[in-house]
Amino acid sequence: MPAEPEHDASAADALEVTEGAKTCPSWTCQEGAVLLGVMTAEGRLAYVQPPTRVDAEFVARARAMGRPESRFRFSGPCVEGRCPQWTGTGCAVVDEVLEEEEPLERAEHEGLPRCGIRPTCRWFAQRGAAACAVCPLVVADVGGTETYRSTQRAASG
């Protein structure tokens, strides 16, 4: 699903994931977000170990070179109903990616990617190892504006 991340959470919202809360693996580039990985030339996510919190200087430099979400993946707290990708029961992004991509047998053959947010990851909680198998293929910003909510409005209008 080509979708630019659009989180309705205000900048004042804490980027810390509270106990029991889930982490969004497709967050926006903003101060306090966690750098999850870098997109390679092959279009796969190379995970940063350990995931690193970004500061204002990183954000400014990344934005000066264009849309950071097309080159990096960030994580932050899942804001559920305040996110336009929320279906009411889960994240539409991982569901759409799993519908579009052929299931990978990576989890069985190579193991899960080394990821620092798996214990709190929304996608892993929602879809398990299948989400981890396609996660490296997701580019958070490919210039699109379609979201779960916008497709629902279009279908009903």
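For region 113-120, the criterion of being under 21 Å from residue 23 (Cβ atoms), modelled with pLDDT under 70 and polar (S, T, N, Q) is met by none of the residues. Which condition from (1) touching a residue at least 12 places away in the same chain (Cβ under 8 Å); (2) over 19 Å from residue 118 (Cα atoms); (3) charged (D, E, K, R) is the one that residue 99 breaks? For residue 99, the failing item is (1). Within region 121-148, if we keep just the residues that are of a type in the set (Phe, Trp, Tyr) and modelled with pLDDT of 90 or more, the residue that is surrounded by the most Cβ atoms within 10 Å (Cβ to Cβ) turns out to be 123.
The C-beta contact set for region 132-144 (first residue charged (D, E, K, R), second residue in a loop (DSSP other than H, G, I, E, B) and modelled with pLDDT of 90 or more, distance under 6 angstrom, 6+ apart or interchain) comprises 141/67. Annotation: residue 97 fulfils all but one of (1) modelled with pLDDT under 70; (2) under 13 Å from the mean Cα position of the chain (by Cα); (3) in a helix (DSSP H, G or I); the unmet one is (1). Say whether the condition of being over 17 Å from residue 122 (Cβ atoms) and either at pLDDT 85 or above or out of contact with any Pro (no Cβ under 6 Å at 6 or more places or on another chain) (or both) is met by at least one residue in region 78-94. No, the conditions are met nowhere in region 78-94.
The values are calculated or read from the model by the stated rules, or taken from the named source; none is laboratory data. Every value quoted in this text rests on a predicted model; they were computed, and no experiment measured them. For neighbour counting, all protein chains shown are included, and Cβ atoms are generated from backbone atoms with ideal geometry for every residue, glycine included.
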